[in-house]
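Undergrad: The structure that follows is given in the form of structure tokens.
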Amino acid sequence: MAGAFLISSGAVILAAVCFYYGLRMYHASQLDEMAVEIAAPAALPPTPKGQTEIHGALMPDGSFKPITTVVKSAKPSAVDRPPTEPSAPPRGALSPSPLPAEPSLSVAVFESPIPAPIDQPVAEAVSADAPLDGGALVGAYNSIYPALAMHPKYWERPTLAGADPYTYGVVKRPDGFMSISASEGLPRGMSSDAARIRIPSIDVDSEVANLAILDIGDSRQYETPAHVVGRIPQTSNPGEMGNTWLFGHLESLIRGEGNVFHRLPEIPNLLNSGDPVYVSLENQDGDEFLYQITATRVVRQEDLALYDTDDSTITLVACVPRLIYDHRIVVTGKLVGVKRAA
């Protein structure tokens, strides 16, 4: 009996060890697939047709200037319709008078093009350096596959199309953000510390805390963030020029410090599928700065080094692969939007 128990126990332990090392090898084999870079420049999708957007423009001194953007519905242009004389208002009706212009507002009006006749192709070719315009890319998909507004990743499983709210064709423009480029960020020292980070496409909604420097005798190192995303305090604040470095646990099985970035390795797959990934970084004043992920890469633990940038950048870091943790996934994004605190 004792011998049979020892043999069966040894078999179980051997199977568990083989499974563990097999799982390690599988996760390690996935590292090369985590290096992705999007070709198009980072930018917010255009404002939907027929909507009016009022927001605050970020100024170099950190203040906000009111801006109103009006997007008109599609209608024939003057070239496509014969000129007509304005009709006189009915007798007794009040003549419309223009509203007084508000001097503090600048207004931009965008005319939508006339819809193409039904016998014309659904889509035209999209330039490789075109901005990330969901509608344009859906058109490109339609030109090679007759599935209206269907993302290519659903072509083999069309019954699931539309289940993911962050795919092109159904992706919504982030509400309330003014478009801004990464080169238009705030000067260093003009924004407050990061307070919260949100990445809707991978369900991240976490507090951000500055990491302290620990003295461990013969060397010094940053503390590890527990159940929150940790920011290197010497790096840029949200919305500022330069690189904001943020760290989080993929998983913390021994220390029990949470797994706030456990879905961070999914971002390369989202980018490969053509899905935009946005990161909202809120500062302590309540202003939100929106970044679009533009690239991911994997480096060895000993090769990771902090670096700065000339524009407004965000860098997210977590340990990979699972059960080994000897590499780091580095996810980079560029500033594309800003929202003033209410």
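The values are calculated or read from the model by the stated rules, or taken from the named source; none is laboratory data. If you're wondering where the values come from, they're calculated on a predicted model, not measured in any experiment. Note: ideal-geometry Cβ built from the backbone for every residue, glycine included; neighbour counts use all protein chains shown.
Undergrad: Mind checking whether some residue in region 325-332 is of a type in the set (Lys, Arg) and either under 15 Å from residue 240 (Cα atoms) or part of a strand (DSSP E or B) (or both)?
TA: Filtering region 325-332 for residues of a type in the set (Lys, Arg) gives 328.
Those still in the list that are either under 15 Å from residue 240 (Cα atoms) or part of a strand (DSSP E or B) (or both) too: 328.
Within region 325-332, one or more residues are of a type in the set (Lys, Arg) and either under 15 Å from residue 240 (Cα atoms) or part of a strand (DSSP E or B) (or both).
Undergrad: Which residues, counting only those in region 250-279, are hydroxyl-bearing (Ser, Thr, Tyr), part of a loop (DSSP other than H, G, I, E, B) and within 28 Å of residue 44 (Cα to Cα)? Quick ask: steps written out before the conclusion?
TA: Initially, region 250-279 is screened for residues hydroxyl-bearing (Ser, Thr, Tyr), giving 252, 273, 278.
Within this subset, residues satisfying the condition of being part of a loop (DSSP other than H, G, I, E, B) are 252, 273.
Listed by number, the list holds a single entry, 273.
Undergrad: Filtering region 208-249 down to residues that are modelled with pLDDT under 95 and charged (D, E, K, R), which residue is farthest from residue 184 (Cα to Cα)?
TA: Ranking the candidates gives 218 first.
Undergrad: Can we say residue 282 is at pLDDT 95 or above, charged (D, E, K, R), touching an Asp or Glu at 6+ places or on another chain (Cβ under 8 Å) and not in a helix (DSSP H, G or I)?
TA: Numbers: at pLDDT 95 or above: yes; charged (D, E, K, R): yes; touching an Asp or Glu at 6+ places or on another chain (Cβ under 8 Å): yes; not in a helix (DSSP H, G or I): yes.
Yes, satisfied.
Undergrad: Within region 294-316, which residues are touching a helix residue (DSSP H, G or I) at 6+ places or on another chain (Cβ under 6 Å) and not charged (D, E, K, R)?
TA: Step one: list which residues in region 294-316 are touching a helix residue (DSSP H, G or I) at 6+ places or on another chain (Cβ under 6 Å), which gives 296, 298, 311-312.
Passing the criteria: 296, 298, 312.
Undergrad: Surrounded by fewer than 19 Cβ atoms within 10 Å (Cβ to Cβ), without any contact (Cβ under 8 Å) to a residue 40 or more places away in the chain and in contact with a Lys or Arg (Cβ under 6 Å, 6 or more places away or on another chain) - does that describe any residue in region 304-311?
TA: To start, the set of residues in region 304-311 that are surrounded by fewer than 19 Cβ atoms within 10 Å (Cβ to Cβ) comprises 304-311.
Among the residues that remain, those that are also without any contact (Cβ under 8 Å) to a residue 40 or more places away in the chain are: 304-305.
Okay, now just the ones that are also in contact with a Lys or Arg (Cβ under 6 Å, 6 or more places away or on another chain), so 304.
Scanning region 304-311, I find at least one residue that is surrounded by fewer than 19 Cβ atoms within 10 Å (Cβ to Cβ), without any contact (Cβ under 8 Å) to a residue 40 or more places away in the chain and in contact with a Lys or Arg (Cβ under 6 Å, 6 or more places away or on another chain), so the answer is yes.
Undergrad: Which pairs do you get when a residue that is under 14 Å from residue 324 (Cβ atoms), found in region 244-256, comes within reach of a residue that is of a type outside the set (Ser, Thr, Tyr) and in a loop (DSSP other than H, G, I, E, B), reach meaning Cβ atoms under 6 angstrom, with the pair 6+ apart or on two chains?
TA: Filtered contacts from region 244-256: 250/261; 250/262; 251/259; 251/262.
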